[in-house]
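In what follows, a structure is listed as structure tokens, so that the remarks can point back to it.
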Amino acid sequence: MADKLNLLTGPERLPADGAKADSAVVLLHGLGADGADLIGLAPDFARLLPRTAFLSPDAPDPCDMAPYGRQWFSLQDRTSEVVAELAAAASPVLEAYLNSVLQRFDLSPDRLALVGFSQGTIMSLQVAYRLSEELAGVVGFSGGLAGADSFGSQVTARPPALLIHGEADDVVVFERMLAAADALRGADVNVQTLARPGLGHGIDEAGIRAAGSFLLERLG
């Protein structure tokens, strides 16, 4: 674990004019992908937030369900208890990375937002609400919340969240978003949700626009 704490790297997009970043967005990819999968969102968001640094780290482990890609934790066993345990075990690696981003750009936590997809959403929700200080916000595409039953008792921070999910998702079913929103609201978190009719396990233009507006509101 100690070695992993300093290993996360991945594609980045920094302010185009070379100016100091006044905020940061960390993009967390899904199972079997890598940082390159989500950095493509940065140009859309950067048009709204030109002084923001966008960072899309590769997850720490090779995917154990495919010959390529990375994973934040294994999903070979998807029972809720195991997923909650593994997400918690993976958290220190991401927390250390977020702290390194804050130090690198000399930012306070309220100037950093998370955007996750699928397993990256699980990790975003796992970490953001258990930190000692509040981040700017969390956007979660096509994901869920690990350990929803015990979530409320573990919350130490309450950044607002936007959860976006395709109603036709057959990888992470739409109901997982609804359950996550319920658990977050039960812990007094301000949550917005966006259902995308006909969308499967992916991100569409409407979701990108909604996420951009949310990030602008939180970081603009």
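The figures follow:
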| item | result |
| --- | --- |
| Antiparallel bridges, percent of DSSP beta bridges restricted to region 1-133 (to nearest 5) | 35 |
| Magnitude of the charge dipole, region 1-70, Cβ model with Lys/Arg +1 and Asp/Glu -1, debye to 20 | 260 |
| Mean shadow area of the chain over all directions, Cα convex hull, nm² | 10.9 |
| Dipole moment magnitude, nearest 20 debye, the chain about Cα centre, only Lys, Arg, Asp, Glu C-beta charged | 520 |
| Residue 37 accessible area, 1.4 Å probe, all protein chains in place, Å² to nearest 10 | 90 |
| Point-charge dipole on Cβ atoms (K/R +1, D/E -1) for region 39-78, about Cα centre, debye to 20 | 280 |
| Top positive-direction residue, dipole computed over the chain with Cβ charges, set 7, 135, 117 | 135 |
| Of all accessible heavy-atom area on the chain, the percent that carbon and sulfur account for (1.4 Å) | 49 |
| Rg [Å, one decimal], Dmax [Å, integer] - region 18-143, C-alpha atoms | 14.3, 46 |
| Computed label-point distance, nm, for sites residue 192 and residue 106 using a 7 Å Cα→Cβ extension | 3.2 |
| Surface per residue (accessible, 1.4 Å probe) for region 53-195, Å² | 40 |
| Gain on full stretching of the segment that runs from residue 61 to residue 178 - 0.36 nm per residue minus C-alpha separation | 39.2 nm |
| For region 30-70, the spread of Cα positions along each principal axis, largest first, Å | 37, 15, 10 |
| Leading residue at positive end of dipole, region 13-73 (Cβ point charges), from 46, 65, 28 | 46 |
| Summed residue charge, Cβ within 14 Å of residue 182's Cβ, Lys/Arg positive, Asp/Glu negative | -1 |
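The values are calculated or read from the model by the stated rules, or taken from the named source; none is laboratory data. What you see is a predicted model, and the numbers here were worked out from it, not measured in a lab. We place every Cβ from the backbone using ideal geometry, glycine too, and count neighbours over all the protein chains shown. Note: accessible area is taken over every heavy atom of the protein model, side chains too, but ligands, DNA and RNA are not part of it. Shrake-Rupley method; radii C 1.70, N 1.55, O 1.52, S 1.80 Å.
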